[in-house]
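S.K.: Sending over a structure as structure tokens; questions will come in a sec.
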Amino acid sequence: MKQLFILLAVALSLAVPAQTKKAAKKSGSYPPVIEGTKVETYRKVGETELKVWIFDSRQKMTDKPLPAIVFFFGGGWTSGSPTQFEGQSRHLAARGMVAIVADYRVKSRQDAKPADCVSDAKACVRWVRANAGRLGIDPSRIAAGGGSAGGHLAAAVATLPGLDTATDDKNVSCVPDALVLFNPGTVMAPFPGLDLKGFGAGLDKARFGCEPVEISPLHHVKKGAPPTIIFHGKADTTVPYTTVEKFAEVMKSVGSRCELVGFEGQPHGFFNKTKYDETLAATDAFLTSLGYIAPKTR
């Protein structure tokens, strides 16, 4: 099972677009330096300061708050970089949103378990909502997105009832208003009618830091789940396509909008390589349909 997470981390590292890899290399340090962003700390755990990089194309604050999206990077909860969604964030900021890429604790840097990753992701969305007024963000239009393990975190923030800490302000909701998921892990425990293989299969409480069902988004989908779009390769052997098919099915069964966009022949982490432009255009169209950004004009 350790090999599974190593393979997942490698897959996600290969999924970073060229311009993002160049930016990360240029920074020469961790956390990365992402040009043109505002950096803030959303949570401190021990000596670790967890930061967000904020993309905002406005020259000055306006009276009208903007919708926002928070992206979580992939890497098997083991590694990865906030720069993974730099390209998407720059595009959406130019289109009139506030885009944010977030850091969170991972195994290789802080010896974190997946439950810790979820806790950080929840704290991040709460921080964005709590600081919405200061950041010029509409607190009722905050989307979350991510790839693979980061997609799992976005889905987890939207669905999981637990994995908070005693210091989290439960009066501020961590539930996003929309989800944009790229080959996400959505199933971490056995589920009726699903032959669970690949990502999450066979992992136990010791590895997750909690019971498997506690960290499995599929098991906690309920009425009111946010509108969602999922991009997934049909040849993905790391996170099998059947898992997101089941997630989309359950989302629709509770009355939530869930668009599953499958790509024939595409493996894990394809979205920042062979289908970057296509998935970005579809993300743009999805957010336009929600009224988060204005329709493009010819």
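S.K.: Out of (1) in contact with a Gly (Cβ under 8 Å, 6 or more places away or on another chain); (2) free of Cβ contacts under 8 Å to residues at least 24 places away in the same chain, the odd one out for Glu47 is which?
M.R.: (1)
S.K.: What number goes with the only condition from (1) in contact with a Lys or Arg (Cβ under 8 Å, 6 or more places away or on another chain); (2) in a helix (DSSP H, G or I); (3) hydroxyl-bearing (Ser, Thr, Tyr) that Ser108 does not pass?
M.R.: Condition (1) is where Ser108 drops out.
S.K.: Does Phe85 count as at negative phi, touching a helix residue (DSSP H, G or I) at 6+ places or on another chain (Cβ under 6 Å) and either buried (at least 24 other Cβ atoms within 10 Å of the Cβ) or assigned to a loop (DSSP other than H, G, I, E, B) (or both)?
M.R.: No: the conditions fail for Phe85.
S.K.: Given the structure, is Leu160 among the aliphatic types (A, V, I, L, M), touching a helix residue (DSSP H, G or I) at 6+ places or on another chain (Cβ under 8 Å) and either over 18 Å from Thr78 (Cβ atoms) or surrounded by fewer than 20 Cβ atoms within 10 Å (Cβ to Cβ) (or both)?
M.R.: Yes: the conditions hold for Leu160.
S.K.: If you go through region 214-269 one residue at a time, how many are within 15 Å of Leu160 (Cβ to Cβ) and in a helix (DSSP H, G or I)?
M.R.: Within region 214-269, residues that are within 15 Å of Leu160 (Cβ to Cβ) and in a helix (DSSP H, G or I) number 9.
S.K.: While we're here: Look at region 200-215 and say how many of its residues are of a type in the set (Phe, Trp, Tyr) and at pLDDT below 90. Even if it seems obvious, please write down each step before you answer.
M.R.: Residues of region 200-215 of a type in the set (Phe, Trp, Tyr): 208.
The next check asks that each one be at pLDDT below 90; those that pass are none.
Total satisfying the criteria: 0.
Table: residues versus (1) buried (at least 24 other Cβ atoms within 10 Å of the Cβ); (2) in a strand (DSSP E or B); (3) among the β-branched types (Val, Ile, Thr); (4) free of Cβ contacts under 8 Å to residues at least 24 places away in the same chain.
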| position | (1), (2), (3), (4) |
| --- | --- |
| Ala93 | no, no, no, no |
| Ala99 | yes, yes, no, no |
| Tyr104 | yes, no, no, no |
| Arg134 | no, no, no, yes |
| Gly151 | yes, no, no, no |
| Ala156 | yes, no, no, no |
| Asp169 | no, no, no, no |
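S.K.: Identify, from the list Lys22, Lys2, the residue that is within 28 Å of Thr274 (Cβ to Cβ) and modelled with pLDDT under 95. Lay out the reasoning, then the answer.
M.R.: On the way: Lys2 fails: within 28 Å of Thr274 (Cβ to Cβ).
Of the residues listed, the single one that is within 28 Å of Thr274 (Cβ to Cβ) and modelled with pLDDT under 95 is Lys22.
The values are calculated or read from the model by the stated rules, or taken from the named source; none is laboratory data. Remember, predicted model here, so these are calculated numbers, not experimental data. In this analysis, Cβ positions are derived from the backbone assuming ideal geometry, glycine residues included, and neighbour counts consider all displayed protein chains.
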